[in-house]
Amino acid sequence: MITVNAMGDACPIPVVKTKKAMQAMTEPDTLEVLVDNEIAVQNVTKMAKSSGGDVTSEKLGEKEFKIVIKMSQVMSELKAQEKEEDVDCMPDRRKDTIVVISSDRMGSGNDELGKVLIKGFIFAVTQLDELPKAILFYNGGARLTSEGSDSLEDLKGLEAQGVEIMTCGTCLDYYGLKEKLRVGSVTNMYSIVETMNNAGKIIRP
Amino acid sequence: MVGIETSDDAAIYKVTEDIAMIQTVDFFTPVVDDPYTFGQIAAANALSDVYAMGGEPKVALNIVGFPNCLDPEILGEILKGGADKVKEAGAVLVGGHSVQDDEPKYGLSVSGFVHPDKIFKNYGCRPGDVLILTKQIGSGIINTAVKAEMASALAERESAIVMASLNKKAKEALESYPVNACTDITGFGLLGHCMEMASASDVTMEIYVHDVAYMKEAADYAKMGLVPAGTYKNREHSIELVDAGNVDEYYLDLLYDPQTSGGLLFSLPEKYLSEALADLKEKKLDTEVSVIGRVTEKKEKFICLCP
C-alpha cells in the first residue's frame with residue numbers, strides 16, 4: 001500500500017501527485033490518496049479510471065476524503081501490453097513515415113505530366129510494404145482528396161488500412177472544396193505541424 | 001436599458017435616439033505565464049462584453065494590480081499586450097489606474113457605442129433559431145493542465161490564441177443579421193451560458209454535443225481529471241435543468257468548462273444560417289466556428305443534450 005497525501009492541495013496538484021505515484025510503481029499495488037475536497041476526489045477518480053485502476057472513495061470527515069486505487073498492473077506493463085496486442089491482432093504495416101502532398105501535380109514542367117505523375121505516385125504508395133502513418137494534403141494537394149480526383153480509390157484503400165488521410169481545412173475553404181471532401185478528415189495547422197514533428201521520416205513527391 | 005435580472009453582459013445607457021453607450025469592466029489574475037499574452041487575453045476578455053452587446057468599443061482604461069517585488073518590465077509587457085488588443089479593436093486607451101497588490105491583476109474598463117435598435121440581448125431566442133458558437137471551448141481545462149505541467153506545447157499555444165483573439169470579427173460578420181440573442185462564453189461554461197439564455201428566453205435548446213468545436217487535447221485532459229473547480233460548480237448549478245441523455249462524462253466536463261475570453265454564442269433564425277456562415281468564413285477568424293444546436297419550444301428542461 002502506497003499513501004499519497006494531498007491534503008491542503010488545490011486542483012490540479014492531487015492529480016499530479018497521484019499520477020507520479022502511479023508512474024513510480026514497480027509492481028501491482030494499492031494506492032491510498034488523501035484529499036480535503038470533493039473536487040479532488042472526482043478528478044483523481046477520473047485519472048485513475050483512465051489509467052486502468054479500480055477506484056473506490058469514502059468520506060472520512062468534514063474535510064477529509066480517502067480514495068483507494070487498486071492497480072492490478074503497473075503503468076509500464078499496461079503500455080507494453082497495448083503494444084503486444086497491436087502486433088497480435090493485425091500486423092501493422094504502418095511506420096512513422098508521413099507523406100506530404102502540397103500540390104495536385106508532381107514536379108514542375110508540364111502540368112499535364114505533373115498530374116499523371118502524382119496519380120502514379122499515390123498508387124505507388126498503396127503498393128509499399130510498409131505504409132505511411134499518415135498522408136497530409138495542403139494547398140493544391142487538397143484537390144486530390146476532393147470530388148473529381150483520380151486518386152480517390154487509392155486513398156480510400158489506404159484509409160481502410162489505417163493510413164490517416166488529412167486535408168488542411170483552410171485550403172479546402174480557399175478552393176471552395178469544403179463540401180466536396182471525399183476521403184479522410186479535415187485538419188488544421190497545429191495537427192499538420194504536430195504530425196510532421198512526430199514523424200520519423202517525411203516523404204514529399 | 002437592460003436590467004440585471006437577465007444577467008446581461010454590460011450596462012447600457014441611451015444617450016440619444018441613435019446612440020446608446022455600453023459600459024463594462026473586467027479584470028483577472030494571470031492565466032498564462034507570458035506577460036504580453038496575458039495582457040492580450042485580459043484585454044480581449046474585457047472588450048468582449050461590448051461585442052456581446054453588439055457594440056463597437058471606443059474608449060478603454062487600464063485597471064492594474066501589481067506587486068512591488070516584481071520587475072516593472074513585466075508590467076510593461078502586460079500593458080503592451082493590452083494596448084495592442086485595444087488598438088486592434090479600433091478603440092483608444094486613454095489611461096487607467098494602478099494599485100499595489102500581492103498578485104498581478106489586469107483588465108480594462110471599456111466604453112462602447114451601439115445603435116439602440118441594434119443591441120444584442122442575451123434573451124429573445126425563438127423556436128427555429130440555430131445556435132452558432134465562434135470559438136472552440138476547452139481553455140479552462142487546458143489552463144489547468146498547464147498548471148499541472150501536463151499540457152502539450154501545442155495545446156497551450158492553441159488555447160492562448162483562442163483566448164487572445166477578439167470577438168470583433170464574429171460580431172461584425174453577424175451584426176447585419178436579425179440576431180435574436182447573443183452572449184459571450186466565459187466563467188459559467190458553454191452550458192451555463194446556454195442555460196441563462198434559454199431560461200431568460202423561456203425556450204429549450206437542443207445542443208448537438210458532438211458538433212461543438214473544442215480543443216482536441218482538452219478532451220484527453222478532462223479524462224485525466226485535469227478539471228478546474230469551476231466546472232463542478234457550473235455543473236452543480238444547472239445540471240438539474242439539463243436533460244443530459246447518455247453523454248460521456250468528459251463531454252459534460254468540457255461543456256461546463258469555465259472559459260477565459262470565450263467566443264460569442266448567437267441565436268439566429270435558421271433561414272440565415274448558410275449566409276451567416278459564409279460571412280463568418282469571409283472574416284477569416286483565428287478560431288473555429290461551430291453550429292452547436294437549435295432552439296425549440298420550451299420542454300420539460302431548458303437544455304437537451306443530443307449525441
Spin-label model distance (nm) - A:Glu62 vs A:Ala160, 7 Å beyond Cα toward Cβ: 6.7 nm
Dipole in debye (nearest 20) - region A:97-203, about Cα centre, beta carbon charges: Lys, Arg +1; Asp, Glu -1: 120 debye
Packing-based ranking, highest mean first, of B:22-30, B:98-106 given that Cβ atoms within 10 Å are counted: B:22-30, B:98-106
Local electrostatic count at A:Lys180 - Lys and Arg +1, Asp and Glu -1, tallied over other residues with Cβ under 11 Å: +1
Contact order normalised by residue count of chain A, Cα under 8 Å, 6+ apart, percent: 16 percent
Average Cα contact separation per residue, chain B, under 8 Å, 6 or more apart, as relative contact order %: 25 percent
Distance between modelled label sites at A:Phe123 and A:Asp111, nm, 7 Å Cα→Cβ extension: 2.3 nm
Modelled FRET efficiency - R0 30 Å, A:Ser102 with B:Leu273, Cβ distances, 0.05 increments: 0.35
Rounded tilt (10° steps) of A:38-50 against the dominant C-alpha axis of chain A: 50 degrees
Above-threshold pairs, the threshold being 22 Å between Cα atoms, out of B:Lys87/B:Lys171; A:Lys63/B:Lys233; B:Lys118/B:Lys299; B:Lys168/B:Lys223; A:Lys63/B:Lys147; A:Lys119/A:Lys156: B:Lys118/B:Lys299; B:Lys168/B:Lys223; A:Lys63/B:Lys147
Between region B:162-215 and region B:20-79, the Cα center-to-center distance that results, in Å: 22 Å
Most positive-pole-ward Cα, B:Met53, B:His97, B:Gly107, against dipole of the protein assembly as shown from beta carbon charges: B:Met53
Estimated distance in nm for a label pair at B:Asp202 and A:Met196, the labels positioned 7 Å out from Cα along Cα-to-Cβ: 5.6 nm
Exercise: per-residue mean of other protein chain Cβ atoms within 10 Å, A:43-51: 5
Unit charges on C-beta of K, R, D, E only; dipole of the protein assembly as shown, Debye: 820 debye
Prolate/oblate/rounded label for region A:97-203 (Cα gyration tensor, a/c 1.5): rounded
Selection from B:Ala43, B:Leu70, B:Ser267, by position along the positive dipole direction of chain B (Cβ): B:Ser267
Value of relative contact order over region A:97-203, rounded to a whole percent, pairs C-alpha under 8 Å and six or more apart: 31 percent
Net charge over other residues, Cβ less than 14 angstrom from the Cβ of A:Ile13 (K, R count +1; D, E count -1): +1
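Read-outs throughout are calculated quantities, based only on the coordinates presented, and are distinct from any laboratory measurement. These numbers were taken from a predicted model, which means no experiment stands behind them. Neighbour counts are summed over all protein chains in view; Cβ atoms, including those assigned to glycine, are modelled from backbone coordinates with ideal geometry.
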